[in-house]
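This report concerns only the one structure given below.
The values are calculated or read from the model by the stated rules, or taken from the named source; none is laboratory data. Owing to the predicted nature of the structure, the values given are computational and were not obtained by experimental measurement. Cβ sites come from the backbone with ideal geometry, for glycine too, and all protein chains shown count toward neighbours. Just so you know, the surface numbers come from the protein's heavy atoms only, side chains and all, with ligands and any DNA or RNA stripped out. Shrake-Rupley method; radii C 1.70, N 1.55, O 1.52, S 1.80 Å.
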Amino acid sequence: MKRASLWAAGIVALLLLLLLLAFRLSPWPSAAVITYMFSRGDDASEAALEKHVPAGIVARRDLAYGPGRDERFDLYHPAGSTAPRRMIVWVHGGAWIAGSKDGVANYLKVLAGHGYATVAVEYSTGFGSTYPRPVEQVNAALGHLVREAGALGIAPGRIVLAGDSAGAQIAAQIALLTTDPAYARAVGIAPALRPGQLSALLLVSGAYDVGTINLEGDHGWFLKTVLWAYSGTRNFLEDDRFRLASITPNVTPAFPRSFLSSGNADPLAPQAVALAEKLRSIGVETDTLFFPADYRPPLPHEYQFNLDTAAGRQALAAMLAFIEEDAPASPPAAAGLGQAP
């Protein structure tokens with residue numbers, strides 16, 4: 001009996017050692033935990049947004065833009081008019097390794113209620129999917145949307161590209177590819193859009209400069225894990241290829257007009273402030289929604305999805321006003337959509 005107990009204890013100790021080694025030698029065991037937490041957060045956000053979704057929104061789900069299992073998109077628009085609608089393409093967040101288009105579905109339905117066709121793009125995440133694969137996929141999705149615009153009932157020009165968190169970085173990188181041929185050649189991705197087709201960016205709660213992200217403190221482990229996983233290298237700060245994922249050092253005056261926002265308690269907020277300052281300094285039309293440091297209650301990462309708060313509703317109104325300065329959408333399906341009950 002004693003020998004059996006020792007044998008069992010040895011097995012447990014070996015398994016614990018192997019588990020520890022797995023977490024130290026690869027980012028993906030930790031990434032699996034992060035993915036689970038993100039899915040729980042998405043579920044809670046979607047449930048809270050349900051009451052804000054207007055009636056009369058048509059949903060077309062899991063349309064293919066490529067052959068891959070993850071190369072799918074969802075399209076939302078108001079019922080009624082058959083005229084092509086202006087398009088908002090949204091790239092979901094999830095720290096580059098998690099999240100899904102399902103996690104932004106209700107928010108895009110709210111936006112669609114204001115007269116837009118809204119598109120949630122899926123891209124590959126998880127083990128084996130590393131930079132720049134998601135950028136390539138979102139770029140391909142945009143090309144597909146333009147080619148199939150007639151069948152989808154959307155306008156192929158004046159596209160608004162949007163994203164939250166990691167999706168904001170991906171959207172901004174697509175904008176760089178689209179407007180700067182030298183940058184596109186350096187990254188090795190041919191843009192699917194002409195510069196004139198991309199009229200505005202909505203960038204919320206995003207990270208835009210890998211070299212200046214704070215990798216210490218409360219969020220250091222998380223950031224090191226996801227950037228190791230996404231870049232494919234533990235030494236991501238020294239990887240020349242991955243440095244090109246930084247937006248702020250690479251923007252040019254050709255970058256599209258942009259709206260940026262982050263909450264005052266978001267650890268990534270300094271990244272958004274720095275990008276906004278850089279864009280303004282080179283003459284890019286830029287609008288922002290930031291909050292004082294003492295704003296209460298503190299606004300966390302992804303605050304904009306909480307339409308039960310005044311700040312969340314303010315962000316929605318500010319984004320709509322920004323894109324409608326360029327060109328209005330079709331008339332919304334009903335009045336007061338997206339407002340708190």
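Before moving on, here are some points about what is shown:
- Considering the range 108-123, the residues that are open to solvent by 20 Å² or more (accessible area, probe 1.4 Å) and either in a loop (DSSP other than H, G, I, E, B) or β-branched (Val, Ile, Thr) (or both) include one that is nearest to Arg158 (Cα to Cα), namely His114.
- Any chance Pro27 is within 26 Å of the chain's Cα centre (by Cα), modelled with pLDDT of 95 or more and surrounded by 15 or more Cβ atoms within 10 Å (Cβ to Cβ): no
- Scanning the range 216-231 for residues that are open to solvent by 10 Å² or more (accessible area, probe 1.4 Å) and either among the aliphatic types (A, V, I, L, M) or in a loop (DSSP other than H, G, I, E, B) (or both) yields Glu216, Leu223.
- Among the conditions (1) over 25 Å from Pro134 (Cα atoms); (2) crowded, with 23+ Cβ neighbours inside 10 Å; (3) without any contact (Cβ under 8 Å) to a residue 60 or more places away in the chain, the only one that Leu279 does not satisfy is (1).
- Filter pass, Ile247 being open to solvent by less than 40 Å² (accessible area, probe 1.4 Å) and modelled with pLDDT under 95: no
- Selected residue (criterion: nearest to Gly80 (Cα to Cα)) from residues of the range 132-147 that are touching a helix residue (DSSP H, G or I) at 6+ places or on another chain (Cβ under 8 Å) and open to solvent by less than 10 Å² (accessible area, probe 1.4 Å): Leu145
- Checked against the criteria, Thr125 does not count as over 19 Å from the mean Cα position of the chain (by Cα) and either within 19 Å of Val91 (Cβ to Cβ) or among the aliphatic types (A, V, I, L, M) (or both).
Yes/no matrix, rows are residues, columns are (1) out of contact with any Pro (no Cβ under 6 Å at 6 or more places or on another chain); (2) among the β-branched types (Val, Ile, Thr); (3) in contact (Cβ under 8 Å) with a residue 24 or more places away in the chain:
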{"site": "Ala155", "(1), (2), (3)": "no, no, yes"}
{"site": "Ser165", "(1), (2), (3)": "yes, no, yes"}
{"site": "Gln173", "(1), (2), (3)": "yes, no, yes"}
{"site": "Ile189", "(1), (2), (3)": "yes, yes, yes"}
{"site": "Gly196", "(1), (2), (3)": "yes, no, yes"}
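- Residue list for the range 173-207, filter: touching a Lys or Arg at 6+ places or on another chain (Cβ under 9 Å), over 15 Å from Asn139 (Cβ atoms) and open to solvent by less than 10 Å² (accessible area, probe 1.4 Å): Ala200
- Residue within the range 148-166 that is under 17 Å from Phe242 (Cα atoms) and buried (at least 18 other Cβ atoms within 10 Å of the Cβ) present: yes
- Checking every residue in the range 250-262 against the condition of being surrounded by 20 or more Cβ atoms within 10 Å (Cβ to Cβ), part of a loop (DSSP other than H, G, I, E, B), more than 18 Å from the chain's Cα centre (by Cα) and at pLDDT below 95 gives zero matches.
- The requirement of being over 30 Å from Pro297 (Cβ atoms), in a helix (DSSP H, G or I) and within 20 Å of the chain's Cα centre (by Cα) is fulfilled somewhere in the range 232-244, by at least one residue.
- Ser129 assigned to a loop (DSSP other than H, G, I, E, B), hydroxyl-bearing (Ser, Thr, Tyr) and closer than 24 Å to Gly56 by Cα: no
Every residue, every condition in (1) in contact with a Gly (Cβ under 6 Å, 6 or more places away or on another chain); (2) not in a loop (DSSP other than H, G, I, E, B), yes or no:
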position	(1), (2)
Val135	no, yes
Val138	no, yes
Leu142	no, yes
Val160	no, yes
Ala168	yes, yes
Gln173	no, yes
Leu176	no, yes
Ala190	no, no
Leu202	no, yes
